[in-house]
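Notes follow once the structure below has been shown.
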Amino acid sequence: MDVEEIDEEKDRWVTVFGFPQNYISIVTKYFGDCGEIVKQRYAENQGNWIHLLFRTKLEAEKALGKNGKIIDSKLNIMIGVIKSNKTMDTEKKDKIEAKKRMDLER
């Protein structure tokens, strides 16, 4: 995986928040309508958010359009959706860039 692929992945992550923990399956199904969810990262310690990685940037942008939508009118649950900063660890990205520099110096 090179740095360009990492940057592309960065544009496909969104974070969804503001829902009860027991709504995770409802939330992922709801966002599945935006496109193919490639990966999911759940909140630690029973948090009320989830990171979703979509197959394409367009699908992620469609998901971002759901910000402020009510997903359950009976319980009046509104969700927030933002671009996520969830990507490969910075340390790993730095190692890739350092390896590229070393390869160029040879």
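Read the figures in this text as sums done on the coordinates, not as results from a lab. Quantities reported herein were computed from a predicted structural model and do not represent experimental measurements.
In order along the stretch 12-29, the phi-based Karplus estimate (6.51 cos²θ - 1.76 cosθ + 1.60, θ = phi - 60°) of 3J(HN,Hα) comes to 9, 8, 10, 10, 10, 8, x, 10, x, 3, 6, 9, 3, 5, 5, 5, 5, 5 Hz; Gly and Pro are listed as x. For Ile77, the residues whose amide H sits under 5 Å from its own are Ile71, Asp72, ignoring neighbours fewer than 5 places away on the same chain, with H placed 1.01 Å from N. Evaluating 6.51 cos²θ - 1.76 cosθ + 1.60 at θ = phi - 60° for every residue in the stretch 62-76, the Karplus couplings come out as 4, 5, 4, x, 8, 4, x, 7, 8, 9, 9, 5, 5, 9, 6 Hz, glycine and proline recorded as x.
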